[in-house]
1. Based on this model, can you work out whether residue 105 counts as surrounded by 21 or more Cβ atoms within 10 Å (Cβ to Cβ), in contact (Cβ under 8 Å) with a residue 12 or more places away in the chain and assigned to a helix (DSSP H, G or I)?
2. Restricting to the range 1-20, name every residue that is within 16 Å of the ligand (Cβ to nearest atom) and loosely packed, with under 13 Cβ neighbours inside 10 Å.
3. Need the failing condition index for residue 255 against (1) under 20 Å from residue 153 (Cβ atoms); (2) within 16 Å of the ligand (Cβ to nearest atom); (3) surrounded by fewer than 20 Cβ atoms within 10 Å (Cβ to Cβ), just the number.
4. Of all residues in the range 298-313, which are near the ligand (Cβ under 9 Å from one of its atoms) and farther than 15 Å from residue 132 by Cα?
5. Within the range 68-102, take every residue that is within 13 Å of the ligand (Cβ to nearest atom), without any contact (Cβ under 8 Å) to a residue 60 or more places away in the chain and part of a loop (DSSP other than H, G, I, E, B) and give me the one that is surrounded by the fewest Cβ atoms within 10 Å (Cβ to Cβ).
6. So, in the range 133-164, how many residues would count as being assigned to a helix (DSSP H, G or I) and without any contact (Cβ under 8 Å) to a residue 12 or more places away in the chain?
7. Only residues that are surrounded by 12 or more Cβ atoms within 10 Å (Cβ to Cβ), over 24 Å from residue 364 (Cβ atoms) and touching a strand residue (DSSP E or B) at 6+ places or on another chain (Cβ under 7 Å): list them for the range 380-424, please.
8. Taking the range 331-345 only, how many residues are within 35 Å of the chain's Cα centre (by Cα) and farther than 15 Å from residue 371 by Cα?
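The values are calculated or read from the model by the stated rules, or taken from the named source; none is laboratory data. As the structure is a computational prediction, the values presented were derived from the model and not from experiment. Every residue, glycine as well, gets a Cβ built from its backbone with ideal geometry; the counts of neighbours run over all protein chains shown.
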Ligand code: HAM
């Protein structure tokens, strides 16, 4: 809390997205929306908070639930939780509305996890993502991965990216594997110590641990790939051959179980070598064929991914790609007459489909031209007493310095025509 004389600051682990960075942020989301649209995904907007049980479906042994959930009682005594990921809300919405399948939706939304803040790890982070409900077909897994891969490589221009894939198999696979893995952890109980209770509750969670002193033990642990049933192995083979057919490079990562409990079948993660190892995952996802049923819906397969916007942009910075588009306006109005004339002119220009701005507060004309430059305007339009008396305004193209007079009543149409002929 700030003291009397301190300036208020955003809470720890949150941040403002300020201009000009916000331009880039907007371009990131727009590029994702375009790719998702091309693959026939529709936008879904869900509430920022849910009944706590919805978020808890990420799994009792998931950090996002057991340690990091933002849950609270509202004034009516209901226990609610801020969204921790996009998938739980999408699946809740699907179970509630029972739309026709396949249901293909994309989203952009903030998520809340009470993490230890550091670069690339925040208490509020944003994701863009997609989910496909109602299709149990390995080629959809391939399409979903291809959508993320194409976004990173073609829209953002990232190159130093690894795609890791794994399979969590079917229910039989996981039952057999969990038993073998748990026995292995029990054999290492001395090293696991107090965390043994967690290992017992969900043996898979130990595999995600970043603890240095456990890595040798984790590296030697049994691998899920050796326990896949024939059906699960055949499905995973189909995913791999689909990726090969699309020319998408991948590595098989037998220990990639991902941090959320709902995964079944294919899991995948994109890692950037431009980020520190502890938060190098720029996006990830997988299949969750049991989640709809857990939310009270009919058994329905699902798959999707989430891409961290902040981490995606950090990776872009590190690779020097996806620069800010550079905000600018078409026209800046310079007011040397006062009164309401510049107000009416900017509104008229905006009405004609041009972007337009002006200076406020009767500033000196020279300063207004400076503001036009800073706004990156292509044109300056000056309202000056002598010209206005003749029914004209001064129009100047800022880059070339060329200027002339245009009739006041025709200036919007005149500029519109020039913009259409030579768009920037
Ligand atoms: P997730 O791996 O927890 O998956 O998050 C997806 C991405 O969000 C991460 O790869 C990372 O880029 C970003 N991210 C996660 N936590 C933070 C954080 N604290 N600060 C900054 N960025 C973060 C999910 O959320 C799943 N819902 C993905 C999914 C969709 N699976 C199936 N469908």
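1. no
2. Passing the criteria: 10, 11, 12, 16.
3. Evaluating residue 255 over (1) under 20 Å from residue 153 (Cβ atoms); (2) within 16 Å of the ligand (Cβ to nearest atom); (3) surrounded by fewer than 20 Cβ atoms within 10 Å (Cβ to Cβ) leaves (1) as the failure.
4. 307, 308, 309, 310, 311, 312, listed by residue number.
5. Ranking the candidates gives 68 first.
6. Number of matching residues: 2.
7. Selection gives 407, 414, 415.
8. Total meeting the criteria: 0.
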